[in-house]
Amino acid sequence: MESRVKLGHIWGIPIGLHPSWFFIFGLVTFSLAVGYFPDEYPDMNGAAYWILGAITSLLFFGSVLAHELGHSFVAMRNKIPVRSITLFIFGGVAQIEEEPRTAGAEFRIAIAGPIVSLALAAVFYVIWLADRNVSMHLAAPSVWLARINLILAVFNMIPGFPLDGGRVFRAVVWQFTGSLHRATRIAATMGQVVAFGFMAWGAFALLAGGVFNGLWLIFIGWFLQNAATASAAQSGLQEALRGVTVSQVMTTECAHVPHRLSIKELVDEQILSGRPQRCFFVDEGDATRGLLTIQDVTAISRDEWNQVTAEQIMVPWDQIQRVTPSTELLDALRIMDRAQVGQVPVVVGEELVGMLTREQVIRYVRMRSELGL
Ligand SMILES: [Zn+2]
């Protein structure tokens, strides 16, 4: 999930808002300002309801952020980097970069978020207790925040992957079966059951006349269904690639081209030749200066092909991530992901031995599945 609005960093993790967040923020503020606070405080004026609504709504999303920071804190304690935290229409998501290595770590990371939500519910409840007979000004917001944090904790503990409860469940199955893959399959199936449960509930609510609640539940169910399917697919891919190294998949057939070669010549002599190439090492004398792929070529317009040379559009060698033949394929994919590139050169020391591209990985996975492996 890409966040568009960047809010800053906490513990080095970029925090951001997805555009859909503004919709939910507006909706929560609206329902507080128009429904909840006028019921609780009948004597205030209109603007005060909106200000109180917005502040309470912000505190709610602060609570969601704290929940995600809970997951992130434990992930980082387990040496797993967190790429970002994004608030969006259904709450928050912490992008944790890799699967935990043990069932115990998975369990602790998953449970940390609901524990933070429970703790916040308790804090707001105590504020409500302290204030309800004194000034009353904090009572209505704090009891609402206590309730919503409790709901957040309980909702997230529903045992359907990718909800936190599903992750906790997966950790337990993982612990007992010793297989992350099997645990993920079972948890993802449960996740789909939960997702269809939400959709069915939404359909009943719709039929009963609750249009908004009905649509909302269907929407949540649909989101969970997609997420569960994606995690099952991801897990299948990881299982297929486990133990496979770069050397089994890489190509050693990249061409070397001189740095002053024009793109026109490159296309005519290399790309459209009898043995078409898709990647090129750009050399100056004996040294490789950079890397060029078909994508780089297609990025410039055809009438410039005569003037532009290989070295002008290559990615310079020192800016390129590299892998070795013995790098695990999954780690190589992660490196490409992080650098947002479709290929990495394979090196032994300083010597270039081949190239790994995303298409090769896809082809490899397809071949394995065709062979029924
Ligand atoms: Zn969570």
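The values are calculated or read from the model by the stated rules, or taken from the named source; none is laboratory data. Since the model is a prediction, treat every value here as computed from it, not as a measurement. Every residue, glycine among them, receives a Cβ derived from its backbone with ideal geometry; neighbour counts consider all protein chains shown.
Couple of notes before you dig in:
- Condition met for GLN307 (within 29 Å of SER273 (Cα to Cα) and assigned to a helix (DSSP H, G or I)): no
- Scanning segment 170-195 for residues that are crowded, with 16+ Cβ neighbours inside 10 Å and among the aromatic types (Phe, Trp, Tyr) yields a single hit, TRP174.
- Answer residue from segment 88-115, given it is among the charged types (D, E, K, R) and within 14 Å of the ligand (Cβ to nearest atom) and is nearest to GLN238 (Cα to Cα) among those: GLU106
- Residue list for segment 162-187, restricted to those being within 20 Å of GLY91 (Cβ to Cβ) and more than 16 Å from the ligand (Cβ to nearest atom): none
- Residue in segment 164-171 that is without any contact (Cβ under 8 Å) to a residue 40 or more places away in the chain, outside the structural domain of THR229 (by TED's automatic domain parsing) and more than 21 Å from the chain's Cα centre (by Cα) present: no
- Looking across segment 264-304, the residues that are touching a residue at least 40 places away in the same chain (Cβ under 8 Å), of a type in the set (A, V, I, L, M, F, W, C) and not in a helix (DSSP H, G or I) come down to CYS279, PHE281, LEU291.
- Residues in segment 197-214 that are part of a helix (DSSP H, G or I) and exposed (fewer than 14 other Cβ atoms within 10 Å of the Cβ): ALA200, PHE204, LEU207, VAL211, PHE212.
- Selection within segment 63-85 - within 13 Å of the ligand (Cβ to nearest atom) and closer than 24 Å to PHE23 by Cα: SER63, VAL64, LEU65, ALA66, HIS67, GLU68, LEU69, ILE85
- Note on segment 2-33: residues that are modelled with pLDDT under 80 and surrounded by 13 or more Cβ atoms within 10 Å (Cβ to Cβ) amount to 5.
- Qualifying residue in segment 275-284 (condition: modelled with pLDDT of 80 or more and over 16 Å from CYS254 (Cβ atoms)): yes
- Residue identified as in contact (Cβ under 8 Å) with a residue 12 or more places away in the chain, away from the ligand (no atom under 16 Å from the Cβ) and of a type in the set (A, V, I, L, M) among MET157, MET199: MET199
- Residue satisfying condition, being within 16 Å of the ligand (Cβ to nearest atom) and assigned by TED's automatic domain parsing to the domain that holds MET44, within set LEU129, LEU118, LEU145: LEU118
- Checking each residue in segment 326-340 for being surrounded by 16 or more Cβ atoms within 10 Å (Cβ to Cβ) and either assigned to a strand (DSSP E or B) or touching a residue at least 24 places away in the same chain (Cβ under 8 Å) (or both) picks out THR327, LEU329, LEU330, ALA332, LEU333.
- Residue match in segment 234-256 (condition: part of a strand (DSSP E or B) and of a type in the set (Val, Ile, Thr)): yes
- Hits in segment 85-120 (condition: of a type in the set (Ser, Thr, Tyr) and surrounded by fewer than 20 Cβ atoms within 10 Å (Cβ to Cβ)): THR102
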